[in-house]
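Student: One structure follows; several queries about it will come next.
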Amino acid sequence: MSLLELRNLLVLYGSNEAVHDVSLTVEAGEVVTLLGSNGAGKSTTLRAISGLVKPSSGDILFDGRSIAGMKPEEIVRLGIAHVPEGRRVFPGLSVKENIMLGASNRAGMKSAEIAREAEEMFELFPDIRRFSGALGWTLSGGQQQMVAVARGLMAKPRLLLLDEPSLGLAPVIVQAVFAIIAEIRRRGTTVLLVEQNARMGLSIADRGYVLETGRLVLSGKPGELWGNEEIRAAYLGGRTMATV
Ligand code: ATP
């Protein structure tokens, strides 16, 4: 049984089919990357999985159980955390406070315990340790991305959904963020990653899927996707796909 399975997922915004008949699987322990250009439906797919939008039809199974249409807070409690595009770090809260917010799904935890776990997060994110007390708005884009991922991990998810973690970051920071994603997987968390940066997205993936205007057009191992020149030109190397 797959950890996550989408079956013929359809998501409509009004009459616009943002996601059309998408079926995919993510196995426990994998990093799976969902690629596609602007507006392909990548973010909507993640939003449907985490309950932020309701599928119009199809099903979403997590650990064999249907979660389609459940509330986001129920879904995070089952073990799915979503780090949305754009990071959304609270500007007036400190880095540590921002990270602590990620544990809000874990009922019954004392705040001292949450604070201790937030401190432990800095082992995975040493670059932001010294900013623990700094306010969110003072951070660079890369530092904010690290805070956002750390906050997602505070939910202790079995599946982490990451939406375009490389967006707007300098190449050297992108490398650092991807090294952290690889480490997250090594520590046992399954990752479904949305990326426009095909080269980086595939560099750490076990498998990839490519979406085009709401439809899955390709899937395979990174080598298969990246190794085929025609595919690369059509879907992975276009002008909308940044390469590092
Ligand atoms: P991007 O990288 O630009 O976010 P994406 O692949 O994540 O692209 P989505 O954001 O999922 O794509 O958008 C898929 C389609 O749904 C697009 O046509 C987009 O314009 C439309 N869309 C997205 N959000 C909404 C919304 N809240 N209301 C109406 N249409 C939307």
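Student: Does region 203-231 hold any residues that are closer than 23 Å to GLY58 by Cβ and free of Cβ contacts under 8 Å to residues at least 24 places away in the same chain, and which are they? If you could, list the steps in order and put the result at the bottom.
Tutor: Of region 203-231, the ones closer than 23 Å to GLY58 by Cβ are 207-220.
Selection gives VAL217, LEU218, GLY220.
Student: Any idea which residue in region 230-244 is modelled with the highest pLDDT, counting only those that are in a helix (DSSP H, G or I) and loosely packed, with under 14 Cβ neighbours inside 10 Å?
Tutor: My answer is ALA233.
Student: Here is a follow-up. Scan region 69-115 residue by residue and report those that are part of a helix (DSSP H, G or I) and in contact with a helix residue (DSSP H, G or I) (Cβ under 8 Å, 6 or more places away or on another chain).
Tutor: Passing the criteria: ILE75, VAL95, LYS96, ASN98, ILE99, MET100, LEU101, GLY102, ALA103, SER111, ILE114, ALA115.
Student: Residues to consider are LEU193, LEU202; find the one that is within 16 Å of the ligand (Cβ to nearest atom) and either of a type in the set (A, V, I, L, M, F, W, C) or under 30 Å from LEU10 (Cβ atoms) (or both).
Tutor: Details: LEU202 fails: within 16 Å of the ligand (Cβ to nearest atom).
Result: LEU193 is the single residue among LEU193, LEU202 that is within 16 Å of the ligand (Cβ to nearest atom) and either of a type in the set (A, V, I, L, M, F, W, C) or under 30 Å from LEU10 (Cβ atoms) (or both).
Student: From GLU164, GLU230, which residue is over 26 Å from GLY136 (Cα atoms) and among the charged types (D, E, K, R)?
Tutor: Unique residue meeting the criteria: GLU230.
Student: Of everything in region 211-229, what is part of a strand (DSSP E or B), touching a strand residue (DSSP E or B) at 6+ places or on another chain (Cβ under 7 Å) and either surrounded by fewer than 23 Cβ atoms within 10 Å (Cβ to Cβ) or among the charged types (D, E, K, R) (or both)? Give them in sequence order.
Tutor: Scanning region 211-229 gives ARG215, LEU216, VAL217, LEU218, SER219, GLY220.
Student: Restricting region 18-29 to residues that are within 15 Å of the ligand (Cβ to nearest atom) and not β-branched (Val, Ile, Thr), which is surrounded by the fewest Cβ atoms within 10 Å (Cβ to Cβ)?
Tutor: Per the stated criteria, the residue is ASP21.
Condition check ((1) within 13 Å of the ligand (Cβ to nearest atom); (2) in contact (Cβ under 8 Å) with a residue 60 or more places away in the chain; (3) within 19 Å of ALA81 (Cβ to Cβ); (4) buried (at least 21 other Cβ atoms within 10 Å of the Cβ)) across all residues:
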| position | (1), (2), (3), (4) |
| --- | --- |
| ARG7 | no, no, no, no |
| ASN16 | yes, no, no, no |
| VAL31 | no, yes, yes, yes |
| SER37 | yes, yes, no, no |
| THR45 | yes, yes, yes, yes |
| LYS54 | yes, no, no, no |
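The values are calculated or read from the model by the stated rules, or taken from the named source; none is laboratory data. What you are looking at is a predicted structure, and each value in this text was computed from that prediction instead of being measured. Cβ atoms come from the backbone with ideal geometry, glycine included; neighbour counts cover every protein chain shown.
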